[in-house]
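The values are calculated or read from the model by the stated rules, or taken from the named source; none is laboratory data. Here the structure is a predicted model, which is why all the values come from computation and not from measurement. Glycine also receives a Cβ, built like all others from the backbone with ideal geometry; neighbour counts cover every protein chain displayed. We work out accessible area using only protein heavy atoms, side chains counted, and drop any ligands, DNA or RNA first. Shrake-Rupley method; radii C 1.70, N 1.55, O 1.52, S 1.80 Å.
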Amino acid sequence: MTLVAPSGDTAPPAVHSPWPGLIRGTFATAACLAALAAMMIDLKMAPETLLSGSSKLGRFIASMVPPSDGGDSLRILRSLAETFAMAVAGTALAIVAALPLGLLGAKTVVSNGLLHFLFRRCLDIFRGVPALVWALIFISAFGLGPFAGVVALAFADIPNLAKLFAETLENCDRGPVEGARASGVSKILEIRFGLVPQVAPVLASQCLYYLESNFRHAAVLGIVGAGGIGFELDERIRIFAFDQVAYIVLLYMLCVAALDFVSRQLRARLA
Amino acid sequence: MSAGPNSVVETFELARRRALRRQWLQSGLGLLVFSLILGVSFQRSQLFSSEIGGDPLGRIGEFLVRMTPSLQGEVLFESRSTPGSLASWYYDLPVWLAAIWQTIEMAIIATVLGSLGAVVASLLCASNLMPWRPVRFIVRRSLEVTRTMPDLVLALILVAAFGVGPLPGVITLSISTMGGLGKLFAEINEEVDPRQLEALDAAGAGTLNKIRYGVFPQVLPAYASYGLLRLEGNLAAAGALGIVGAGGIGLELQRAITYTEYNTYLAILILMVSMIFLIDLLSETIRHRLIRLDEGGQ
């Protein structure tokens, strides 16, 4: 890309022999490929397993058409609704917990640099734990059922939402707050008229986004026993009823698309 | 029509009051619907039901206490057989480290394979590179489908087909990586500077040469940066996939949970989190260097 010499007396790179660069590039590529191949061998990704698995997979896919509800469509719909309920409840819990944490994490509220750094790192660490892992843990604590799923969703979202809230608070414009203060109102009114109108729409749209993502996660949590549509899916995959699996997955995708649409409309109105 | 100042004020006040009332009504209705949904959701998800004994916060607290190991200061560095030492808490460390490495390998292979697929798919659905509309449409829709399909469901089906092990996990992650990155890459491709493509057109270059010399030099840094970002996500996902039998540290976590070894949950969780944390740091450094290279090269 750079064809211009950086300083006066060195020749432009294009004039140099291309061989050293080419050789280095070839070596680097070969090393990367070798490392990748070694990893694949280490994971026992042999072509014959791939082939035998593929033929099985082909049979599964062939048995997916035509999708059928297996005479249980009411139950499937009910568990879809339960999944949605889990997502709503989990998001609500996460928001309630994340609001104070977000306040604590904002540099404009807690101005101590060390405290701020430690708090943010702490959130970062918990952000690494996926919802599924939380779900496993809470299922063994609370037993099977949607409750464990709700708590797991909330736990997975709290650090993310807290970080987003903190950043929103940090990025808000100080002008309106100062304006409200200049008019001599109390601290609460200052927040009510200076800060809230700025951050509320942003926070609300972030929450909606998390509701969407939680609906996707909630569907998966059922597989480990946290209720909802995932449980039905897991059951049917285990008995190789792939026509019903296809039915549920299609229905689920429709629901995801519908929720995305509604939430996009709401977010567009908020913005 | 008495156009006095009073009547103007009155009409304004009336309109204002009406607007305010409508606003109150709207927000009241919204609040009602919202709280209804919330109430039903909490009820349906048994959050405060007596079946599980109520008091959810207390139970979470109790569980967290049960997860913490009872380490004792004086025997902290004793051998495995002494209860209360670090070694007895992390009693299976070599196996877990091997599983962690397997998870990392899964994430790396899946990211590489998925990105390769995404590059091809993104070239096929970028409006400035692919002249045929139907192809673009089909590729875009299929990427969307792979994005909506939950990872774990795919993993379950693939585990049923390929058997327990890392292979189904790698395939699952590759497919979802392809779906996620394909869309991003296509957007990057569409924002390529058209002048370089025109120059290559003028020089009589074919499509492949146009992509090689006109598109790739512009987009590769962005590709790499998104790919690394995806690697971080895949690592967390690979950890989770093990739970349904797709290899890696998730399998170990699943085993610990089957035997209800509460202390081991925390031990494996700490390992997982530190793995994700380290890789995040590493990839962040690389991404920042890439961005700097990108800016320096312009």
Quiz item: Across segment A:222-256, which residue is surrounded by the fewest Cβ atoms within 10 Å (Cβ to Cβ) among those that are more than 10 Å from chain B (Cβ to nearest Cβ) and assigned to a loop (DSSP other than H, G, I, E, B)?
Solution: A:Ile239
Quiz prompt | Set B:Val95, B:Val112, B:Val164, B:Val145: member being open to solvent by 50 Å² or more (accessible area, probe 1.4 Å) and modelled with pLDDT under 85 | solution = B:Val164
Exercise. Within segment A:134-156, count every residue that is open to solvent by 10 Å² or more (accessible area, probe 1.4 Å), modelled with pLDDT of 85 or more and out of contact with any His (no Cβ under 8 Å at 6 or more places or on another chain).
Key: 1
Quiz item: If you go through segment B:233-284 one residue at a time, how many are over 20 Å from the mean Cα position of the chain (by Cα) and among the polar types (S, T, N, Q)?
Solution: 5
Self-check item: From B:Leu229, B:Leu241, residue being open to solvent by 50 Å² or more (accessible area, probe 1.4 Å) and touching a residue at least 40 places away in the same chain (Cβ under 8 Å)
Solution: B:Leu229
Exercise. May I ask you to list pairs of residues, at least six apart or on different chains, whose Cβ atoms are under 9 Å apart, with the first in segment A:75-91 being acidic (Asp, Glu) and the second being assigned to a helix (DSSP H, G or I)?
Key: A:Glu82/A:Pro146; A:Glu82/A:Ala218; A:Glu82/A:Gly222; A:Glu82/A:Ile229; A:Glu82/B:Arg44
Exercise. Could you list, in sequence order, all residues of segment A:183-208 that are of a type in the set (S, T, N, Q) and touching a residue at least 60 places away in the same chain (Cβ under 8 Å)?
Key: A:Ser205
Quiz item: Within segment A:76-92, is even one residue farther than 18 Å from A:Tyr209 by Cβ, in a helix (DSSP H, G or I) and in contact with a Pro (Cβ under 7 Å, 6 or more places away or on another chain)?
Solution: yes
Practice problem: Tell me the helices (runs of 4 or more DSSP H) entirely within segment B:179-298 that contain at least 1 residues that are small (Gly, Ala, Ser). | Solution: B:194-202, B:216-241, B:249-258, B:262-297
Practice problem: Select, from B:Leu97, B:Leu113, B:Leu156, B:Leu124, the only residue that is over 18 Å from the mean Cα position of the chain (by Cα) and more than 26 Å from A:Leu254 (Cα to Cα). | Solution: B:Leu97
Exercise. Inspect all residues belonging to segment B:199-220 and state whether any of them is touching an Asp or Glu at 6+ places or on another chain (Cβ under 7 Å) and more than 26 Å from B:Leu184 (Cα to Cα).
Key: no
Practice problem: Exactly one condition in (1) at the interface with chain A (Cβ under 8 Å from one of its Cβ atoms); (2) open to solvent by 30 Å² or more (accessible area, probe 1.4 Å); (3) within 20 Å of A:His217 (Cα to Cα) is not met by B:Leu251; state its number. | Solution: (1)
Quiz item: Does A:Ala166 meet the test of being touching a residue at least 60 places away in the same chain (Cβ under 8 Å) and either touching a Phe, Trp or Tyr at 6+ places or on another chain (Cβ under 8 Å) or within 11 Å of chain B (Cβ to nearest Cβ) (or both)?
Solution: no
